[in-house]
Each structure stands twice: as C-alpha cells, then as structure tokens.
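Below: one structure, written as structure tokens.
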Amino acid sequence: VSWLDTPFCSLLDVRYPIVQTGMGWVSGARLTAATSEAGGFGILAAVTLDPEAMVAAVRRVRKRTAAGFGVNLRPDQPDLAERIDLLAAEGIAAVSFAGGPPPAVILRVRDAGLRSIVTVGRPRHAEKMLDAGADVLLAQGAEGGGHTGDVPTSLLLPAVVDLAAGRVPVLAAGGFFDGRGLAAAIAWGADGVAMGTRFLLTRESRVPDEVKRRYFEASLTDSVVSRALDGQPMRVLRNEAYLEAAQAVDNRAGAWRRLAGAGRNAARVRRMTGQSWAQLAREGLALRRREGLTLEQVSRAADSPMLIKTALVDGDPVHGLLPTGQVAGYLADEPTVAELIDGIVAQALEAGHRFQDFQD
Ligand SMILES: Cc1cc2nc3c(=O)[nH]c(=O)nc-3n(C[C@H](O)[C@H](O)[C@H](O)COP(=O)(O)O)c2cc1C
C-alpha cells in the first residue's frame, strides 16, 4: 500500500517500514531472519560477538532468509574497521549504531558499500549525525529500552523529522508496539517504526519463558532509567539486580567484592568479544575520561553486559538485569514475528482509513 511504502523501504528494499532493532543477547539469527522474512527489517546484535562469531551468525540469518537485514555494532569497538570489511564481504544491507559514531566511521561504512542507521536521542545528536552523513536516523524517545535519552518520542520525533527535512529517512522508536503507532509515526513525518521490546516478546525471541514472564507482568511504571549500571542512562525493569546495583552506588562497603565480581565478568566479555586486556583497559579509560566516571563505575560498565546475559540468556530474572522499554507495561501477548508484522500492517491501514472516513 502506497503510504506504507516509504523512502526507508526503497532505500533498504524492504516490504514494510518496520524495523526490529539490534538488541544484545536478544536479536540473534532466528529473530533477525524471522523479521526480514516477514517483510520487516531485522537487525542482528553483534556487540557481544567476536568477529568470527559475528560472521557465523550473519550466515545463519542468510540460511533462513534471502531478504536484507542489518547488523548492530558499537561505534567504539577497537576492531570496527575489520568488522565493517567482513560485513561488506558478506553482503549485508546496513550497520546500525547506538551512540554517535565519529564521521570517519560513517564514511567507512559508506565506502564499504553499506548503509548506516544511527540512533539519536536529542535533536543536537541528529544534527551531528546528519552532518556526518548517516543514511538513516533512528530517533529513540525516552520511553525506549536499553540506553535511552530524556526527550519523549512525541517531542523528539517531530524535531528530528524537521531537521532531516526529507534528506534521509527517519525511524520512530521508543514505545511503539502496534499499527496505530506505525500510522502515527507516518503522520508525524517519520518513514517507519523501530521496535525493541515488542520483538523481545515474540515466539522467535529466545529469551527464556520465565524471563519473558517478568516483562509481561510489568506495569507501565515498573521500569527506571539509571546511570548506576554502566554509567550511561539505561532503562531496565526495577528488579532485584537493579536495586542492588543502585544501592551499591551509595554504599562503599561492598566495593571490593563488587570490583572482583566485575573483574571476573570483564574476563568473560574479553573472551567473547576477542578483545585484548589492553584494548579493554583503553576502552575503560576512554569511558572514564568521556563520562567522568569513577573507577568503580568503569568496572561496572564492563560488568553490565554479563549481568544482562544472566537474565536474557541464562534465564535468571532476579540476579540479571532486564533492559526494557516502558512499553513492556502494555504487552501481554506473545505473537510470532509474522503475526506481529501482519497485525501491525493491518491495523495501520485501518488507522489510515479513519483519516479517510473523516474526510468523507
Ligand atoms: C533487551 C534490550 C537490549 C538492547 N540492546 C541494544 C544493543 O545492543 N544495541 C543497540 O543499539 N540498542 C539496544 N537496545 C535498544 C533497542 O535497540 C531499541 O532502540 C529500543 O528498545 C527501542 O525502544 P522500545 O523498546 O520501546 O521499542 C536494547 C533494548 C533492549 C530492550
């Protein structure tokens, strides 16, 4: 249908302007392939994979679908250049980044023949990324999951749409879950929606059932945005692990015990991502300088991916962290990805008919 066939669809050759975002430990090959196969655009999470595992995951998606998909990376990964070359060789469609990559990274992605999709949380970030030459802006409002900003979607989105002024497609993110949201995003001038939490709660998402249950049970006010976890504002469910981390910030007593625990987790992260200790330390020091963090916060930053894995992979929603969008408080069903996408498209069209009905 023509109004759902937006510039984003043309740019990346997708049927529907519906993106499943890159979510660490969540958007693996199965979820990503299911989204692209159903006519959306799936994004594989690769931040916690070493380059070899990243390529293996890309090939697993490829086996399941001929449709295009993207890969999520961190703009400050030390082996970023190598990863971009590997992804170009695999022929993937786009690389997505949370956090503003330097212009040189965006250029490198473009030179490799890939598109860049960049998450922005403030109008100023959007301006910077437009100047840097990003191909798609993903405007994520405060209600969104994981690392998130403080401007709500209803205000961020029109601001970013105005700044982009039709030069690049804009995706609306933060709080979207259904077809009304998609129609509203298009009415705002966006070119589609990007959703994390909604896709986390589908059949194809491998997040264990007892953990999904915690998300389903949450109300709209059961999540918080905190810097206590890795120094950057992150939205998580207010569970036991979050409360402990938040208290630990005010309580120096257990600092050494936690530092030791964080060190063990940093060792695991190192093994998984194939980084050297020197790279890990350099990254930690850069983070400390950039964000003005204490050493303990830096060690916590290395710790948080493993605490997220404890919940989302190992299935322990008490001791692990549960990144989430506020929208979890709204969700109660677990559709397949195809059911979800078909339902969103049908409901968006119905919402479009309402505009029509008012005219008649
Ligand atoms: C469990 C979880 C993990 C996430 N991990 C990442 C990540 O690794 N990289 C990234 O760019 N964004 C990550 N995000 C943010 C999402 O990609 C997306 O931008 C956000 O969830 C959108 O908001 P919504 O949840 O309201 O749809 C994560 C979000 C969640 C809920």
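The values are calculated or read from the model by the stated rules, or taken from the named source; none is laboratory data. Keep in mind that this is a model prediction, so the values were computed, not measured. Note: ideal-geometry Cβ built from the backbone for every residue, glycine included; neighbour counts use all protein chains shown. Just so you know, the surface numbers come from the protein's heavy atoms only, side chains and all, with ligands and any DNA or RNA stripped out. Shrake-Rupley method; radii C 1.70, N 1.55, O 1.52, S 1.80 Å.
Values as computed for the structure displayed
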read-out	value
In region 193-246, residue farthest from the ligand (Cβ to nearest atom) [restricted to those that are part of a helix (DSSP H, G or I) and among the acidic types (Asp, Glu)]	GLU244
Qualifying residue in region 82-92 (condition: under 17 Å from the mean Cα position of the chain (by Cα), at pLDDT 95 or above and surrounded by 17 or more Cβ atoms within 10 Å (Cβ to Cβ))	no
Residues within region 11-26 that are touching a Leu at 6+ places or on another chain (Cβ under 8 Å), more than 9 Å from the ligand (Cβ to nearest atom) and open to solvent by 10 Å² or more (accessible area, probe 1.4 Å), tallied	1
Single condition GLN77 does not satisfy, out of (1) open to solvent by less than 20 Å² (accessible area, probe 1.4 Å); (2) within 16 Å of the ligand (Cβ to nearest atom); (3) at pLDDT 95 or above; (4) within 26 Å of ARG30 (Cα to Cα)	(3)
Enumeration of residues in region 118-169 that are within 20 Å of ALA328 (Cα to Cα), surrounded by fewer than 18 Cβ atoms within 10 Å (Cβ to Cβ) and charged (D, E, K, R)	ASP150
Within region 335-360, considering residues that are under 20 Å from the mean Cα position of the chain (by Cα) and buried (at least 18 other Cβ atoms within 10 Å of the Cβ), the one farthest from GLY179 (Cα to Cα)	VAL337
Members of region 309-325 that are over 14 Å from the mean Cα position of the chain (by Cα), within 11 Å of the ligand (Cβ to nearest atom) and not in a loop (DSSP other than H, G, I, E, B)	LYS309, ALA311, LEU312
Scan of region 170-192 for residues that are assigned to a helix (DSSP H, G or I) and buried (at least 19 other Cβ atoms within 10 Å of the Cβ), ordered by number	GLY179, GLY181, LEU182, ALA183, ALA184, ALA185, ILE186
Residues satisfying the stated conditions in region 20-38, i.e. in contact with a Ser or Thr (Cβ under 8 Å, 6 or more places away or on another chain) and under 19 Å from THR119 (Cα atoms)	GLN20, THR21, GLY22, GLY24, TRP25, VAL26, SER27
